[in-house]
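Comments concern the structure below.
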């Protein structure tokens, strides 16, 4: 790699028989009006002051020759190079003198004076952007301005028109001004010329360069890693990456890669470390570029179905997926990748797939309604497939195995019972869970008939939200109207759908009914036990809540397994951290933290494993304890240290230079974990459980 001084016009754009290619791994052309205007002003100022103007670095590498045209790939500087190319085209089109116009045009094209090489329109141009930009550039250079993309995405068109205006404004300032003055200003643009040799690591250099500017997104980095060094990059880009990019918009694409990597990796992938994790997956999986792109496209198609639905699936599958989307239950995607693989491989039918999805939707709704914390879901869904189908024969009873597994959970990941669900539906604050509330109300209304268009509907409180209720409402609710109002306000029995939310407000009950009557043909089920009431009180709200809750239970049942599959060994029991002495004379086989199951062979291994998980989650707490030699709550000696001799029986944690204290009894290990969980402010009775059996029991 050599670093020298280069001139943007004279060293790169002007020389004949050269073409600079923007590789497919680069971003599309995206310079804004502000950036283009600033560059133009710098060029004019460089001309007026007659001095060089530094405009950054230009990093490129040779690609080879074709038709006697030397090709180069631009690693850094493509936005500036493309902008100058557009500006020169605008200068040529603004020139009055034909000789000036011809001279400026000559900058843009490679010349084959004796017609020896058969140059086509594309190889004549000295710039070859990515495909989407190249089509627009070809139209511009051939003068077909009217055919260019004039929408907001038509950056090349808009920047060309901007330069035409800026040039005209410059010419209007003085009769002495000319386009050649602007050309002279361009000649004064200098840069750091960085030409890479064949033994330079282009990928590494690209990453270092881009780490100092606008940060590339995860998808950008992954695309670059796969495509940058591939000699067949254009085909791979068009056959795979472009398809993925069209399936999933930018933000969703990054989310997809996080979920994909969490499915492929041990532990959880942080966004800040996702690119590193991707490279690890790539190298350890011994992928080549095409194999990796094939897998990415495969799972991107599934992810697109998760996020948007798919005509390739029947109504039942799409309806369940839509429900999971509306309720923002996206953590389930980690499990669904594997389930959809089984469907595509013919292991389960589409009917069985629909049963699984409907069960997961019902399970999600029950958890949300019963207000069971969601912090264990990601860990649950990450390990769920392996836990349910560890025995391959369980796939022969796919749905039954999945439901049997959930039914045998003793942590908060178990399925809430019908009675728990019904009680929560009637008594919990449903309105505070807005997406869930509207989804359930719509489901009640839409049952067994044409789907109600809910886009313009909102949730309405029949009994008004205003704490200062009118006298008519106070009288209707009775002496304890304040407690009635507080207890029932946001519950199912007092909620409906309407298109008149802003108009209904605090109106008396009879006035509200009159307004709701106008939409009775649209909202009939929810309104049926309101319209015939002369008053709205606790009794009527309770009756309505009971009726609607029973409808919801029928709409979202948990179909019981025909064949129960056993997952629990009767000799093993689950224990919390409440009583450390429970661990005495026990053998541990796994623990669950935030829903994720981790197999271990000893209590000592369990301590080391949970410490590593917590460190990876937030290293600041353990780091601070190690620096201070701080003991845990209910502890007297240091738990962590940067000094090997600073703790008892030191064991070094991964990815750092911190040692953890070890060598304790089973009960002491539980005290250790409990103290550490408290430092991290986790719920010691809900977020962590472990499975153990008495030592005197052998399992055959």
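Select, from 584, 576, the only residue that is out of contact with any strand residue (DSSP E or B) (no Cβ under 8 Å at 6 or more places or on another chain), surrounded by fewer than 19 Cβ atoms within 10 Å (Cβ to Cβ) and in contact (Cβ under 8 Å) with a residue 40 or more places away in the chain.
Going through 584, 576 in turn, just one is out of contact with any strand residue (DSSP E or B) (no Cβ under 8 Å at 6 or more places or on another chain), surrounded by fewer than 19 Cβ atoms within 10 Å (Cβ to Cβ) and in contact (Cβ under 8 Å) with a residue 40 or more places away in the chain: 584.
Could you tell me whether residue 357 is at pLDDT 95 or above, farther than 30 Å from residue 426 by Cα and crowded, with 19+ Cβ neighbours inside 10 Å?
Criteria not met by residue 357.
Could we say that residue 149 is under 26 Å from residue 22 (Cα atoms) and surrounded by fewer than 17 Cβ atoms within 10 Å (Cβ to Cβ) here? Before the answer, list the steps.
Values: under 26 Å from residue 22 (Cα atoms): yes; surrounded by fewer than 17 Cβ atoms within 10 Å (Cβ to Cβ): yes.
Criteria met by residue 149.
Has the range 95-104 got at least one residue that is free of Cβ contacts under 8 Å to residues at least 24 places away in the same chain, in contact with a helix residue (DSSP H, G or I) (Cβ under 6 Å, 6 or more places away or on another chain) and either under 29 Å from residue 175 (Cβ atoms) or crowded, with 21+ Cβ neighbours inside 10 Å (or both)?
Scanning the range 95-104, I find at least one residue that is free of Cβ contacts under 8 Å to residues at least 24 places away in the same chain, in contact with a helix residue (DSSP H, G or I) (Cβ under 6 Å, 6 or more places away or on another chain) and either under 29 Å from residue 175 (Cβ atoms) or crowded, with 21+ Cβ neighbours inside 10 Å (or both), so the answer is yes.
Do we have residue 77 as touching a residue at least 24 places away in the same chain (Cβ under 8 Å), at positive phi and in contact with a helix residue (DSSP H, G or I) (Cβ under 7 Å, 6 or more places away or on another chain) here?
no
So, in the range 13-25, of the ones that are over 18 Å from residue 91 (Cα atoms) and outside any strand (DSSP E or B), which residue ends up nearest to the chain's Cα centre (by Cα)?
Within the range 13-25, the match that is nearest to the chain's Cα centre (by Cα) is 25.
Say whether the condition of being surrounded by fewer than 16 Cβ atoms within 10 Å (Cβ to Cβ) and touching a residue at least 40 places away in the same chain (Cβ under 8 Å) is met by at least one residue in the range 526-534.
No, the range 526-534 contains no residue that is surrounded by fewer than 16 Cβ atoms within 10 Å (Cβ to Cβ) and touching a residue at least 40 places away in the same chain (Cβ under 8 Å).
Any chance the range 29-49 includes a residue that's in contact (Cβ under 8 Å) with a residue 24 or more places away in the chain and either more than 29 Å from residue 179 (Cβ to Cβ) or not assigned by TED's automatic domain parsing to the domain that holds residue 190 (or both)?
Scanning the range 29-49, I find no residue that is in contact (Cβ under 8 Å) with a residue 24 or more places away in the chain and either more than 29 Å from residue 179 (Cβ to Cβ) or not assigned by TED's automatic domain parsing to the domain that holds residue 190 (or both), so the answer is no.
For the structure I just gave you, tell me whether residue 251 is loosely packed, with under 14 Cβ neighbours inside 10 Å and either farther than 30 Å from residue 11 by Cα or modelled with pLDDT of 90 or more (or both).
In short, yes.
Among the residues of the range 26-45, is there at least one that is part of a strand (DSSP E or B) and crowded, with 16+ Cβ neighbours inside 10 Å? Working first, answer last.
Start the filter on the range 26-45 by keeping residues that are part of a strand (DSSP E or B), which leaves none.
Scanning the range 26-45 turns up no residue that is part of a strand (DSSP E or B) and crowded, with 16+ Cβ neighbours inside 10 Å.
May I ask you to say which residue of 482, 465 is within 23 Å of residue 433 (Cβ to Cβ) and either part of a loop (DSSP other than H, G, I, E, B) or modelled with pLDDT of 90 or more (or both)? First the steps, then the outcome.
Working: 482 fails: within 23 Å of residue 433 (Cβ to Cβ).
Residue meeting the stated conditions: 465.
Do the conditions hold for residue 667, that is, is it out of contact with any strand residue (DSSP E or B) (no Cβ under 6 Å at 6 or more places or on another chain), crowded, with 21+ Cβ neighbours inside 10 Å, assigned by TED's automatic domain parsing to the domain that holds residue 604 and touching a residue at least 24 places away in the same chain (Cβ under 8 Å)?
Here the answer is no, as residue 667 does not meet what is asked.
Assigned by TED's automatic domain parsing to the domain that holds residue 181 and touching a strand residue (DSSP E or B) at 6+ places or on another chain (Cβ under 9 Å): which single residue out of 73, 145, 156 fits that description? Write out each step before concluding.
On the way: 145 fails: touching a strand residue (DSSP E or B) at 6+ places or on another chain (Cβ under 9 Å); 156 fails: touching a strand residue (DSSP E or B) at 6+ places or on another chain (Cβ under 9 Å).
That would be 73, the only listed residue that is assigned by TED's automatic domain parsing to the domain that holds residue 181 and touching a strand residue (DSSP E or B) at 6+ places or on another chain (Cβ under 9 Å).
Considering the range 97-118 alone, what residues qualify as being in a loop (DSSP other than H, G, I, E, B) and modelled with pLDDT of 90 or more?
To start, the set of residues in the range 97-118 that are in a loop (DSSP other than H, G, I, E, B) comprises 97, 110-118.
Once the filter is applied, which keeps residues that are in a loop (DSSP other than H, G, I, E, B) and modelled with pLDDT of 90 or more, the range 97-118 yields only 97.
What residue, among those in the range 567-597 that are assigned to a loop (DSSP other than H, G, I, E, B) and over 26 Å from residue 266 (Cα atoms), is nearest to the chain's Cα centre (by Cα)?
Of everything passing the filter in the range 567-597, 578 is nearest to the chain's Cα centre (by Cα).
Select, from 287, 282, 260, 275, the only residue that is more than 14 Å from the chain's Cα centre (by Cα) and either surrounded by 18 or more Cβ atoms within 10 Å (Cβ to Cβ) or assigned to a helix (DSSP H, G or I) (or both).
Values: 287 fails: either surrounded by 18 or more Cβ atoms within 10 Å (Cβ to Cβ) or assigned to a helix (DSSP H, G or I) (or both); 260 fails: more than 14 Å from the chain's Cα centre (by Cα); 275 fails: more than 14 Å from the chain's Cα centre (by Cα).
Just a single option satisfies the conditions, and that option is 282.
Residue-by-condition table, conditions (1) in the same structural domain as residue 593 (by TED's automatic domain parsing); (2) modelled with pLDDT under 95; (3) under 25 Å from the mean Cα position of the chain (by Cα); (4) buried (at least 20 other Cβ atoms within 10 Å of the Cβ):
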position: 385; (1), (2), (3), (4): no, no, yes, no
position: 391; (1), (2), (3), (4): no, yes, no, no
position: 395; (1), (2), (3), (4): no, no, no, no
position: 431; (1), (2), (3), (4): no, no, no, no
position: 435; (1), (2), (3), (4): no, yes, yes, no
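Going residue by residue through the range 293-311, is there one that turns out to be surrounded by fewer than 21 Cβ atoms within 10 Å (Cβ to Cβ), outside any helix (DSSP H, G or I) and more than 20 Å from the chain's Cα centre (by Cα)?
yes
So is residue 426 at pLDDT 95 or above and assigned to a helix (DSSP H, G or I) or not?
Yes; evaluated as a whole, the condition is true for this residue.
Please find, among 367, 325, 338, the residue that is in a helix (DSSP H, G or I), outside the structural domain of residue 613 (by TED's automatic domain parsing) and in contact (Cβ under 8 Å) with a residue 60 or more places away in the chain.
Just a single option satisfies the conditions, and that option is 338.
Would you call residue 525 closer than 18 Å to residue 431 by Cα and either in the same structural domain as residue 456 (by TED's automatic domain parsing) or modelled with pLDDT of 90 or more (or both)? Don't jump to the end; show me each part of the working.
Numbers: closer than 18 Å to residue 431 by Cα: no; either in the same structural domain as residue 456 (by TED's automatic domain parsing) or modelled with pLDDT of 90 or more (or both): yes.
Answer is no for this residue.
Is it the case that the range 405-413 has a residue that's assigned to a helix (DSSP H, G or I), in contact with a strand residue (DSSP E or B) (Cβ under 9 Å, 6 or more places away or on another chain) and either within 21 Å of residue 687 (Cα to Cα) or touching a residue at least 24 places away in the same chain (Cβ under 8 Å) (or both)?
We begin by selecting, within the range 405-413, every residue assigned to a helix (DSSP H, G or I); these are 405-407.
Going one step further and asking which of them are in contact with a strand residue (DSSP E or B) (Cβ under 9 Å, 6 or more places away or on another chain), we end up with none.
No - not one qualifying residue is present in the range 405-413.
The values are calculated or read from the model by the stated rules, or taken from the named source; none is laboratory data. None of these values were measured; they are calculated from a predicted model. With ideal geometry, Cβ positions are generated from the backbone for all residues, glycine too; neighbour counts draw on all protein chains shown.
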